[in-house]
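In what follows, a single structure is set out as structure tokens and then discussed.
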Number of protein chains: 2
Amino acid sequence: MPKKVDRHERRTLIADALMRVAARQGVEAVSLRHVAAEAGVSAGMVQHYFRTKDEMMAFAMAVVRERTQVRVTDAIARLGDDPSPRLLLRTMIAAVLPLTEESCADGRVALAFLAYAAVRPEVAAGMREDTGQMLDAVAGLIPAHGREEYAAGVLALMEGLGIHLLGGHYTAEQALAALDAHLDLVFGSAEGAAGR
Amino acid sequence: MPKKVDRHERRTLIADALMRVAARQGVEAVSLRHVAAEAGVSAGMVQHYFRTKDEMMAFAMAVVRERTQVRVTDAIARLGDDPSPRLLLRTMIAAVLPLTEESCADGRVALAFLAYAAVRPEVAAGMREDTGQMLDAVAGLIPAHGREEYAAGVLALMEGLGIHLLGGHYTAEQALAALDAHLDLVFGSAEGAAGR
DNA sequence: ACTTTTGCAATACACTTGCATCGTGAACGA
DNA sequence: TCGTTCACGATGCAAGTGTATTGCAAAAGT
């Protein structure tokens, strides 16, 4: 073999450029040449690592998913041993929400991809899987009856808060306040029912 | 003046075509010629009624906003006199959610525009306004303390449910169950606090 | 009847798009 | 040292993009 090149590294480099473009100018601005320019490489190279644009998109999306997962597990790890389910859940959600500069960029990309996936059934399947996973995780943290409904609600709330945050409709404080209020309800009500 | 033509009607006709295209193939597929073909008119005519593509987009978005508003007020009107705040709120939200064929198409368009607006500050302003309005309306229906947080949460929940519905992550039943569960919490908790 | 205004179609233009096809240079195995 | 294999750059191409421009028919005012 000639020249050793970390293929995956190159691909992520390009994917990063793609995400910067998508975050700044929207998905519609994502093109081979734009991404190449943003990455500081030739258009030919982009083509070399991704045979098609859709392949590039799919990869970039996988990167985003992976990164948010890392953010979540990191945040949870920082909690120390045996945190309360409620704190755990809150930390998880806060890690996903576009609150920091970095996660905000990811959020923009995710939103762009959401629209992109809306008309690409095969791409949407991946997201469905993700939410299913999250749903299980959340359901496991919620006490008692109505797990499924509550879990679905919490997940939807998270998604919605993310959207409103990205749109600048809510401030970080408002979003977190709404989240906490909701968690109060979910955990408080079960406590009340169990305590009675 | 020659030929009387209902300008607004023509524009909505074109906007409708635009929305069909956006719903079917995504925003990126929205182009002058595609829209013209979908509307069954010449590309020149589209250009005649919208000097620029962005103008066309903005108009289409306004149509969507307007239509969902109509759906909401209609649904509320069907409720009869003096419905409970909770029922009113539920009806409002159910009217917005992409549950029917029709509102689902609108939802796809709205999602596409959400991404579109994410990088167009002047477009995003309109949406911000809308959410602000909705927030006030919702807050007015929610009892007692923590209005703002709860209202923000309810709105976010709605948005999130919409997203998950569009993505096919939730079924209509699941979404409604989650909504009802949430409303149980919001209205039930206040009642519990007041009753104590 | 004549001019003006308007609705609309057609075309032209400068770009951009994704993708295929070359060419080249360099690293390795033989 | 030769040949193969791979990374990458450059170029080309057909299709599609938004927009400006032109042309033309018809309706209204005068």
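At a glance:
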quantity	calculated
Among B:Leu185, B:Leu165, B:Leu99, residue whose mean-square fluctuation peaks in a GNM of chain B (springs only between Cα atoms under 10 Å)	B:Leu185
Nearest-first distances (nm) between copies at B:Ala139, label 7 Å from Cα via Cβ	3.6
Residue exposure sequence - B:Lys53, B:Lys4 - by fewest surrounding Cβ within 10 Å	B:Lys4, B:Lys53
Dipole in debye (nearest 20) - the protein assembly as shown, about Cα centre, beta carbon charges: Lys, Arg +1; Asp, Glu -1	1520
Helix runs (DSSP H) in chain B reaching 20 Å along axis by Cα, Kyte-Doolittle at least 1.6	none
Listed residues B:Ala181, B:Ala152, B:Ile142: farthest to the positive end of the dipole of segment B:61-195 (Cβ charges)	B:Ala152
Rough spin-label spacing in nm, given labels placed 7 Å along Cα→Cβ, for A:Glu173 and A:Ala137	2.9
Whole-angstrom gap from segment A:125-153 to segment B:72-100, using each part's C-alpha centre	27
Overall form of segment A:72-141 per C-alpha gyration tensor (a/c, 1.5; a/b vs b/c)	oblate
Förster radius 22 Å - calculated FRET efficiency between B:Ala37 and B:Glu9, Cβ distance, rounded to 0.05	0.65
Dipole magnitude of segment B:43-196, debye to nearest 20 (Cβ charges: Lys/Arg +1, Asp/Glu -1, about Cα centre)	240
Spin-label model distance (nm) - B:Lys53 vs B:Ala29, 7 Å beyond Cα toward Cβ	1.6
Calculated [θ] (222 nm, deg cm²/dmol) that DSSP helices of n ≥ 4 give over chain A, each run adding -39,500 (n - 2.57)	-26500 deg cm²/dmol
Cα convex hull of chain B - mean projected area over all directions, nm²	13.5
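Just so you know, all these numbers are worked out from the coordinates, no wet-lab data involved. This one's a predicted model, so the numbers in the text were calculated from it and none came from an experiment. Every residue, glycine as well, gets a Cβ built from its backbone with ideal geometry; the counts of neighbours run over all protein chains shown.
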